[in-house]
1. Residue 224 is checked against (1) at pLDDT below 85; (2) surrounded by 22 or more Cβ atoms within 10 Å (Cβ to Cβ) and fails just one. What number does that condition carry?
2. Within region 122-136, track down each residue that is buried (at least 22 other Cβ atoms within 10 Å of the Cβ) and under 18 Å from residue 176 (Cα atoms).
3. All but one of (1) at pLDDT 90 or above; (2) within 29 Å of the chain's Cα centre (by Cα) hold for residue 287, so report the exception by its number.
4. Is it true that residue 229 is buried (at least 22 other Cβ atoms within 10 Å of the Cβ) and touching a residue at least 12 places away in the same chain (Cβ under 8 Å)?
5. Six or more apart or on different chains, Cβ atoms under 6 Å: show the pairs whose first residue is in region 264-278 and at pLDDT 95 or above and surrounded by 17 or more Cβ atoms within 10 Å (Cβ to Cβ) and whose second is part of a loop (DSSP other than H, G, I, E, B) and not hydroxyl-bearing (Ser, Thr, Tyr).
6. Given the structure, is residue 219 acidic (Asp, Glu), modelled with pLDDT of 75 or more and crowded, with 21+ Cβ neighbours inside 10 Å?
7. Please verify whether residue 31 is assigned to a helix (DSSP H, G or I) and either of a type in the set (A, V, I, L, M, F, W, C) or on the phi > 0 side of the Ramachandran plot (or both), treating the condition exactly as stated.
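The values are calculated or read from the model by the stated rules, or taken from the named source; none is laboratory data. In this text the structure is predicted, and so the values were computed from the model without any measurement. Virtual Cβ from ideal backbone geometry, glycine too; neighbours counted across all protein chains shown.
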Amino acid sequence: MAQPDPQTAPRMIAISSGKGGVGKSTVTANIAVAMADAGLSVGVVDADIYGPSIPRMLGVSTDKPAMSPDGKVIPAQAHGVKVISMAMLTDDDKPAILRGPMVTKYLQMFVRQVDWGQLDVMLLDLPPGTGDIQLTLAQAFPLTGAVVVSTPQDVSLKIARRGLRMMEQVNVPILGVIENMSGFTCPDCGSVTHIFHQGGGAAIADEIGVAFLGAVPLDPTVVDCGDDGRPLVRAAPSSPAAQAYRDIARALAAGKDHMAGIATPFAWTLADGAGKPAPAAPLTDGPRDRLVAIDHDDGALVLDWADGSRQRLADRDLRLACTCAKCRDEMTGKRLLDPANVPLDLSLLRVWSVGNYALGMTFSDGHESGIYPFGALREMAGTELEDV
């Protein structure tokens with residue numbers, strides 16, 4: 001698998017929400033246009049396969065996209081933003097009836113088989129929840145981070161907290177929280193009245209220790225703008241909501257990345273060394289379970305971590321530690337794999353990245369369905385950590 005060039009790969013930012021109806025797609029569309037207005041090259045992936053809405057909000061044509069000479073899909077463009085969406089591949093009133101594997105296929109296509117050109121930022125407008133699409137993106141792509149959109153109501157904030165925790169579990173940095181519909185902007189005088197609760201988004205951001213990116217007031221104009229394909233930042237640039245969108249876009253564009261470590265994705269074949277990732281530059285901060293170098297020596301995987309420690313994990317120990325459904329009961333956690341059936345001379349054949357949070361491995365006995373989260377690797381019993 002080709003390695004992404006860190007100098008040219010776009011910052012991939014997922015815009016997520018724990019529940020529907022919080023205005024996540026509206027936020028995504030307006031942030032994208034605000035970034036484009038600031039001079040950035042921006043692409044939007046409408047990852048809500050079942051309920052795509054970005055084309056309507058940006059006034060993008062839903063005609064079937066053209067293909068480039070090299071066989072890639074040419075994205076639509078509007079307001080300086082490039083867009084790909086399921087709405088361009090199906091009729092307007094035809095539902096996308098897809099099982100999980102097909103959803104994964106479309107997401108892969110939207111990112112890797114679209115002629116994006118050189119982008120500075122790619123925004124991924126996720127469907128609500130913490131399901132298959134969110135996990136697919138976290139596993140398949142090197143996300144720079146995620147933004148969580150909520151509304152001031154307690155129920156929305158509680159569900160947003162679940163979305164935050166889900167992203168944390170798969171090592172996707174939380175870039176911040178946005179509180180949408182934060183008060184009502186009067187169409188006559190322009191004053192903001194807090195008809196819902198106030199300050200919940202800031203409170204949850206403070207509680208979890210992430211940035212609060214801003215509060216966007218509810219503006220009646222945003223409804224007409226969305227229906228007409230005119231983003232609020234263009235239709236009413238002086239409104240409080242438009243200013244909030246621009247401030248959020250500026251914060252995200254200038255945000256510091258915390259994904260330093262070996263470049264992902266990678267797929268390393270040990271026999272010939274093909275695909276082995278180069279060691280990353282030393283880190284000055286960041287999570288302790290950030291992998292910065294990987295090697296294999298004398299029947300053991302050698303892992304260097306962001307905190308300066310080195311870990312050696314024997315090939316056979318890694319095989320025995322697999323927690324996939326073939327090796328452990330998913331309900332009880334009881335080991336199904338009999339160690340007596342694992343050869344003493346078993347060897348590791350291939351290692352690949354699973355998002356920013358885990359490794360996949362193929363062993364000489366043919367097993368390759370296990371996922372090894374970085375946190376679990378660091379906690380494997382019987383291994384010794386030493387300073388590099």
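1. (2)
2. Quick first cut of region 122-136, residues buried (at least 22 other Cβ atoms within 10 Å of the Cβ) only: 122-126, 133-134.
Once the filter is applied, which keeps residues that are buried (at least 22 other Cβ atoms within 10 Å of the Cβ) and under 18 Å from residue 176 (Cα atoms), region 122-136 yields 122, 123, 124, 125, 126, 134.
3. (1)
4. No.
5. 268/275; 268/276
6. Spelling it out, residue 219 is indeed acidic (Asp, Glu), modelled with pLDDT of 75 or more and crowded, with 21+ Cβ neighbours inside 10 Å.
7. Criteria met by residue 31.
Quick grid of which residues meet (1) in contact with a helix residue (DSSP H, G or I) (Cβ under 6 Å, 6 or more places away or on another chain); (2) aromatic (Phe, Trp, Tyr); (3) surrounded by fewer than 15 Cβ atoms within 10 Å (Cβ to Cβ):
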position: 294; (1), (2), (3): no, no, no
position: 298; (1), (2), (3): no, no, yes
position: 317; (1), (2), (3): no, no, no
position: 328; (1), (2), (3): no, no, no
position: 338; (1), (2), (3): no, no, yes
position: 348; (1), (2), (3): yes, no, no
position: 355; (1), (2), (3): yes, no, no
position: 374; (1), (2), (3): no, yes, no
